[in-house]
Amino acid sequence: MYMKKIIYQMLVGCYIVAALVLVCACNSQLDIQTRYPFTVETMPVPKELKVNETAEIRCELKREGRWEDTRYTIRWFLFDGEGTLKLDDGTVLLHTNYELPQLELRTADGALYEPGAAATQSAAVAVRDAFNAEMERCYAAVLSNESELAQEARDHYGSDSMSFEYIYYEDELLGEVVYQTDGLISVLANAYAFYGGAHPNTSTLTWSFDLTTGEFLTLDALNAQSSTDSALGKTLVDTLASEIVNRIYEEGLDDYLYDDFYSYVYDLSSNAHFYFSGSGMTVNFDAYVLGPYASGPQTFEIPYSHFYNALDSHTQSLLNVPQDEIIIADYYTTKTLWSWFNMTTPPVDSGAPDITVDGLPLARVMLGDVNTLDELRALLCEHVSAELADEWLATGRFVESDGALYTACADRGSDITIDTESYLVAWNGDAGEIMQTITRREWNDETGDFVPVPGSETYYAYPFTTMNRHAVFSAFPCPY
């Protein structure tokens, strides 16, 4: 059994302290040598080791001469795998473990691609190199402090080797591919660091890489792209942040976080790491971001159905999202449209002047390029049948005036007796229906809280047809 290939790179630095001889001004022609040529030769190192086998790295310094106060230092970089730095007496100074994935390019028959073998592979080579360059940059960042950490450990614990028996410096970064499709790779790396303090620290690094463009995805870039939900005034970051904040309150986590935790959540791009998975997106906040160390890191797994339509079409194409999840995502988008006519106020421009119709003040609606009733109807018809769109518009909720849409600011609460909701997609060819099951709850004076009502299950059907894998609903009963 062989352990993973370990690649060592030796970086040799030379620090020279030269004693300058004081001379008088007339010796301006004195030649002071400041460069002293040398080479380092390394004996061959085994490419593979058995479990618990030790490899010796033997280096020989060859120099043209010996000069007083000249010092040569050798730094070792462990680019992959696990290693330990010890003193001559066996005292452990630093234990490291680094592992990040590398992208390989293979031919159709599975052979490893060799540079220059096929010009048609040039685009794929550029993609591979872009991914691997980022992994190597991350390696270089964690390795740059290695010798300093070793010296800190020596200074921290002194010469008493017993203090190293159970406590020594540790630095780990272990990454793995957690999700992969033909168009995308998501990598999660967990970092662990103990530098002699009161407790170790953990953190995460994540990457989501577009295999079709050779670019890494960022929340800022994804947030800037046009999507189905952006036409409704909803961005990806706002969608994710709202989901996270709601979940924090629902689970009572806010008691353990900073009072203003939500401000950090809504600044998602600066404070969180994300990666895709088979079921959705995982958003992680490291310790100290939303709360004190004792509250630990905060991780939220958000299903595709809650944010899929906030992604642009290209990013959607990179993901293997189950069709049922897409249909349920369409339900949530259509529920937003339904709410504008029945429960909430659509996005409005608070800075624009109101108009008055029949004595009722109306606010200017902000829906991107949607500025007329015809454009609003076209937007509705992307999600519901023409008959249902006309039925909603007939309520008079929206008014068109001088090429702009206006509406009354009016909201109502939801049905607080609804306890739980679940959804099931039933298919009939390219059409089907969402079966929504809700249960009820009622107030209990003895407990001072709501309690479930046994046998209160109620079912609602949302029939749909599909267009480009998305649902267009012909009925939307919505029990809210």
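The figures follow:
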item	result
Potential extension, Tyr288-Leu360 segment - 0.36 nm per residue separation minus Cα distance	21.1 nm
Point-to-point label distance, Arg58-Tyr258, nm (Cα→Cβ direction, 7 Å offset)	5.6 nm
Extension gain, Glu442 back to Ala108 (0.36 nm per residue minus Cα-Cα distance, nm)	114.0 nm
Distant alpha-carbon pairs in region 185-276 (separation over 22 angstrom), percent	46 percent
Inter-part distance where region 195-219 and region 275-352 are each reduced to a Cα centre, Å	21 Å
Length-normalised contact order for region 318-389 - Cα pairs under 8 Å, 6+ apart - percent	22 percent
Separation of the Thr84 and Ser226 label points, Cα + 7 Å toward Cβ, nm	6.0 nm
FRET E, pair Asp374, Ala461, Förster distance 30 Å, beta-carbon r, rounded to 0.05	0.50
Full-extension gain in nm, Ala123 to Ser422, via 0.36 nm per residue minus C-alpha separation	103.1 nm
Residues Phe131, Phe341 arranged by fewest to most Cβ contacts within 10 Å	Phe341, Phe131
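Readers should treat all values here as calculations from the given coordinates under stated rules, not as data from a laboratory. Bear in mind that the values here come from a model prediction, so they are computed numbers and not experimental data. Glycine gets a Cβ as well: all are built from the backbone with ideal geometry, and neighbour counts include every protein chain shown.
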